[in-house]
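First the structure, in the form of structure tokens, and then the observations on it.
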Amino acid sequence: MPIVSIIIPCYNAERFLSQTIESVFCQTLTDYEIILVDDGSTDSTAEVIKSFGNKVSAEFGSNRGASAARNRGTDLAQGKFIQYLDADDLLRSDTLEKRVNALEASGADVAYSDWQRLEENETGEFLPGGIIARKIEDVHSDPEIALFTDFWAPPAALLYRRNIVDKIGGWNESLPIIQDARFLLDAALVGGKFIYVPGVGANYRVHKNNSLSSRSPVGFVKDCFHNACQVEEFWRNNGGLTPERCSALIRGYNYTSRTLFMAEEKLFQENLRHIYQLQPGFSLSFPKLAGMMSTILGQQVTRSVMRFLGKSPIS
């Protein structure tokens, strides 16, 4: 039985997948299995996977999204530790060994390392960018609040103990754009302990115009809003809404309100309800948008929102 299961969801990843797999083959820790789940690719991803023969395990299915692919890979995994790895990212050669050692020595549930951005230029080359090196506690002493607000790391920078993965219960398929951030947060919400492993452990590709968040900015914000609603409900049922939790939620809802105000009237109104339940009389931080609303969205939508706010329509 392998000590680490490396799960790689693949969708139209022919350009990068070989490099990603080779970064696993270069690991100083050799006790691992590689599980590839092809999520209905329409390019030659399947051929790339098959070229590795019995060095990898693979399953091919219809397109259901990255979270579903990761969940299927988890079902197939046999390792004590789980390394999720996007099909275009890279592991540094000693990172699995360092993370496994850190988890074994500390008894923690999640090991996280520093990571480096690979920035795509105008010609499609990926060049070394900034290194992200910080600890969760640098953001907030409570991991739940830190991971809900400002701390994020790509899956390539994280190694999970299988027990915490099972406790989480799967990747959240209702959040297709921010599912990786939510899975890390879920580890904290179910009581996981984190250990920092210093040093760059992964390279994270930053595509110019092809990330989910850049292709669908409104979809990204909607995911953030639904995530906040789910976390608020969890916190209400698990320890209650402390002042710090309320502050974090209000900050999140204030952020999502700006885009929802312009694009999703119904969700914007739901957003306001959450804010005012948490802090009656709260003042949103985007007054200039109100002056633009009637021009962009029309008088009817403007009046509807202003009635909800208890204000006069904008002239």
Rounded to 5, the percent of DSSP beta bridges in region 1-141 classed as antiparallel: 25 percent
Mean ellipticity per residue at 222 nm, deg cm²/dmol - from DSSP H runs of n ≥ 4 across the chain, formula -39500 (n - 2.57): -14000 deg cm²/dmol
Extended-chain gain in nm, criterion 0.36 nm per residue less alpha-carbon gap, LEU76 and ARG15: 19.4 nm
Net +/- balance of residues flanking VAL139 in space, Cβ distance below 15 Å, scoring K and R +1, D and E -1: -3
Leading residue at positive end of dipole, the chain (Cβ point charges), from PHE16, LEU29, LEU184: LEU184
Protein-only accessible surface order, largest first, of TRP235, TRP152 at 1.4 Å: TRP152, TRP235
Of all accessible heavy-atom area on the chain, the percent that carbon and sulfur account for (1.4 Å): 49 percent
Degrees separating the helix 265-278 axis from the principal Cα axis of the chain, which is the longest one: 90 degrees
Cubic angstrom per residue, convex hull over Cα atoms of region 10-62: 62 Å³
Degrees between helix 299-309 axis and first principal axis of the chain (Cα, 0 to 90, nearest 10): 90 degrees
Prolate/oblate/rounded call for region 148-241, Cα gyration tensor, a/c under 1.5 rounded: oblate
Surface accessible to a 1.4 Å probe, PHE151 within the full protein complex, Å²: 20 Å²
Whole-angstrom Cα spans of region 2-131 along principal axes, big to small: 43, 36, 24
Correct choice for Kirkwood radius over Cα pairs in Å that was computed from the model, options [x] 21.1; [y] 20.6; [z] 21.9: [x]
Student exercise, region 1-159 dipole from Lys, Arg, Asp, Glu Cβ charges, in Debye to nearest 20: 380 debye
Accessible surface of ASP150 - all protein chains present, 1.4 Å probe, nearest 10 Å²: 70 Å²
In Å², nearest 10: area of GLU14 left accessible to a 1.4 Å probe: 90 Å²
Among beta bridges that DSSP assigns inside the chain, antiparallel share in %, nearest 5: 30 percent
The chain, accessible area per residue, ligands and nucleic acids excluded (1.4 Å, Å²): 46 Å²
Stretchable slack from SER51 to ASN238, in nm (0.36 nm times residue separation minus alpha-carbon distance): 62.5 nm
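The values are calculated or read from the model by the stated rules, or taken from the named source; none is laboratory data. Keep in mind the model is a prediction, meaning the values are calculated, not measured. Using ideal geometry, Cβ is built from the backbone for each residue, glycine included, and neighbour counts are taken over all protein chains shown. The protein model used for the area step is the full one, side chains on, heavy atoms only, and it has no ligands, DNA or RNA in it. Shrake-Rupley method; radii C 1.70, N 1.55, O 1.52, S 1.80 Å.
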